[in-house]
Amino acid sequence: MSASTNYYCESQQRILRVLMCLFGHEIDGLTPGQVAKMAEITASKATRDLWNLEDAGLVERLPDGNKVRVSPRLGHKALAILHSLDSAKRQLDEITHRYTLNR
């Protein structure tokens, strides 16, 4: 979908950019300032977006309280996708096997 549609919302696009910045930093996390720089937004917008993502359960604070990272909830969703794809592959393999049997 392009930015020219009536459904485009800059704040929603920004929060998705903020979330994407956190991937790859699951161990050490990032400070709001680091996120702001990566997402090319102000520190106040990064802080607000991170609070909203935390409230939604998609981001968690590290014990020091200064850094954030994606929450395990997103990892669980990723594993669910992999499980679904694995199940679909098994079904496809079974169908392929049935169609390629020599009879």
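Structure notes:
- Cα gyration tensor category, rounded, prolate or oblate, for the stretch 58-103 with a/c compared to 1.5: prolate
- In straight-distance terms, cross-link reach from LYS89 covers every one of the lysines whose alpha-carbon lies under 30 Å from its own, apart from those fewer than eight places away in the same chain; here that gives LYS77.
- The chain - percent relative contact order, Cα under 8 Å, separation 6 or more: 22
- All aspartates and glutamates inside 19 Å of LYS45 as judged from Cα atoms, apart from same-chain residues fewer than 8 positions distant: GLU10, GLU54, ASP55, GLU60
- Projected label distance in nm at GLU40 and ASN52, using a 7 Å step from Cα toward the beta-carbon: 1.9
- The GNM of the chain, with springs linking C-alpha atoms under 10 angstrom apart, assigns the highest mean-square fluctuation among LEU53, LEU22, LEU79 to LEU79.
- Under the criterion of Cα pairs below 8 Å and six or more residues apart, the relative contact order for the stretch 16-57 equals 38 percent.
- Cα-based shape type of the stretch 1-83, given that a ≥ b ≥ c are square roots of the gyration tensor eigenvalues and the cut on a/c is 1.5: oblate
Readers should treat all values here as calculations from the given coordinates under stated rules, not as data from a laboratory. The structure displayed is predicted, hence computed values, not measured ones. For neighbour counting, all protein chains shown are included, and Cβ atoms are generated from backbone atoms with ideal geometry for every residue, glycine included.
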